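See below for the structure under consideration.
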């Protein structure tokens, strides 16, 4: 008599939709715990494992996966670099994650047409480096440019320090290839720099956070690279003095490529993380960058230096060579990592206020810090009023702390809205800001969003659970 091994009592067959995916996309579908866990979260604190992950390498694979998901009514969350701050790629309804990091080819760079065509998984900094070698420039520069993908930039309409002069992602998106909820492939725009053929479908998908379609190819506008640049790092005794310097610079006819302001908590975190020798003294700091032809940059840097000294700067560091400028900018890019190194959970809120309200915002944040008991760090894009207000929480899984943190966020967002601001300038709404979206957009605005969502995704399978879901 032959002995048979005992039957496994914990065997669970794959759902039919996963079987269908594996047949259609052999080798691309993953259900092992490590892959699922690796696609469960972004830089926000929330996490949820999907049931399956497709590691896509082509538009055709994305379309095939969407046809199956559409047929079975399966929730789909798209993922790029996973470095967002609002839970935008957290698969809160489980289902399927379609990961686009493997679609990372620069398909074409054409200085003659002023365009670059890329797949969505291309790292932003990689494109910048590639076009710079040809004397061209892709200006949008999120602080995470060495990690974030262009697909994620488009999905959130990302910005960065240089959007003061050059604008956010949207002005650089000329055309898109998008896989719709039913698996159909849509092309919008193209390589022409002007296009008035019908509605602005390209613009509809920029900033749509994966809820209207999956971006699989991007045609971007590139511009000639400025021949040179200079960066001034100015230290101030107080934040109001630094904010006043911003107004003086703009009021005197200057349009720097970037102006970044920093408060005392962020500076102290940077000192603790990077060391005293790398971090400016004082309780506030302002970066001012100017670019253009050498003669103009040199003259403007001198005028800006005089303006900063007149506004109360106690020390100014000037960088004029490319290496010096990059070394100084590296300090700004380390601020988020410095705050993370405190061991606290960083609730990074990218609010925007009218530029004239910068001091009021930081004063409100200081009062909120005392009231809530949480440290609050403020830094960001002073030139356009987009300040990152970071509420630093020890443990968001601790119920009392979470309740206090959400109460602090309530007060922050309501204050920002009350002075004519908005609750997100570049990170998006995602999951983190979901409960404040109706108040920010009003009922008519929300109805318009829902109507657009229903037109492109009638069964609601694309990135469900985020800010348009009940």
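For the chain, the relative contact order comes to 15 percent (Cα pairs under 8 Å, sequence separation of at least 6). Shown is the FRET efficiency for residue 363 and residue 58, computed with R0 = 60 Å from the Cβ-Cβ distance and rounded to the nearest 0.05: 0.70. Computed packing ranks the peptides 102-113, 121-132 as 121-132, 102-113, most packed first, by mean other Cβ atoms within 10 Å.
Put simply, the convex hull of the Cα atoms in the chain casts, on average, a shadow of 26.1 nm².
All C-alpha to C-alpha distances of the stretch 342-454, sorted into 10 Å bins beginning at zero, yield P(r) values of 14, 46, 30, 10, 0 percent in whole numbers. With contacts taken as Cα pairs under 8 Å and at least 6 residues apart, the stretch 16-99 reaches a relative contact order of 37 percent. Please work out the Cα center distance from the stretch 225-251 to the stretch 75-100, rounded to the nearest Å. Using only Cα atoms to place each centre, the spacing works out to 37 Å.
Rg/Rh, computed from the Cα trace of the stretch 399-444 with Rh as the Kirkwood radius, has the value 0.98. Working ranking of peptides 37-46, 445-454, 210-219 by packing, defined as the average number of other Cβ atoms within 10 Å per residue, highest first, is 210-219, 37-46, 445-454. The orientation-averaged projected area of the convex hull spanned by the Cα atoms of the stretch 16-99 comes to 5.0 nm². Rounding to the nearest 10 and keeping the result within 0 to 90°, find how far the Cα-based axis of helix 399-418 lies from the longest principal axis of the chain. Helix 399-418 and the main axis of the chain meet at about 60 degrees. Spin-label model, residue 454/residue 170: points 7 Å from Cα along the beta carbon direction are separated by 2.4 nm. Computing Rg and the Kirkwood Rh from the Cα coordinates of the stretch 98-230 gives a ratio, Rg/Rh, of 0.95. Once the Cα-Cα distance is subtracted from the 0.36 nm per residue extended length, the residue 303 to residue 417 segment shows a gain of 37.5 nm. Convex hull volume per residue, computed on the Cα atoms of the stretch 183-333, equals 181 Å³. Using 0.36 nm per residue and subtracting the Cα-Cα separation, the extra length available between residue 129 and residue 333 on full extension is 71.7 nm.
Since every read-out is calculated from the coordinates, none of them should be taken as a lab result. Note that the structure is predicted; figures quoted are calculated from it, not measured. Cβ atoms come from the backbone with ideal geometry, glycine included; neighbour counts cover every protein chain shown.
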